[in-house]
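J.: I'd like to ask you about the structure that follows.
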Amino acid sequence: MTAFGTAHAADISNGKALSDSHNCAACHGPGLNKPVSGEYPRLAGQHATYIYWALRQYQIGGNNPNFGRNNAIMSAQVQSLSPSDLKDLAAYIESLDGNLVLKK
């Protein structure tokens with residue numbers, strides 16, 4: 001059983017296609033590992049479960065004080081994506097080589 005359950009096996013190739021079509025690299029940089037600004041996070045290698053729920057929170061937006069993230073750009077980017085698309089995108093991001101550092 002994966003972090004997302006068994007209902008949808010993530011499709012990394014669809015995740016890459018979604019990343020390309022939504023131009024994620026425009027802000028998060030080449031390989032989603034070199035953001036164009038310090039305001040944007042490195043995504044490459046991040047856990048798929050974290051990415052999935054972060055994207056879901058952007059879909060919900062800032063109108064829900066208990067569950068939601070308020071960022072107009074990210075909210076617009078993910079509104080049209082299905083839960084399966086989000087899982088595919090998250091799996092693709094997790095598959096990328098990144099240089100995330102665990103802080104102790």
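Computed from the coordinates by the stated procedures, all read-outs in this text should not be read as laboratory data. All values reported here derive from a predicted model rather than from experimental measurement. Here the Cβ positions follow ideal geometry from the backbone for every residue, glycine too, while neighbour counts run over all protein chains shown.
J.: Mind listing P(r) for the range 3-56? All alpha-carbon pairs, 10 Å bins, whole percents.
T.: 22, 55, 20, 3
J.: Order of 53-59, 38-44 by packing, highest average Cβ count within 10 Å first?
T.: So the peptides 53-59, 38-44, ranked by packing, come out 53-59, 38-44.
J.: At a Förster distance of 25 Å, what's the computed FRET efficiency of I73 paired with H8, Cβ-Cβ distance as r, to 0.05?
T.: That pair, I73 with H8, gives E of 0.45.
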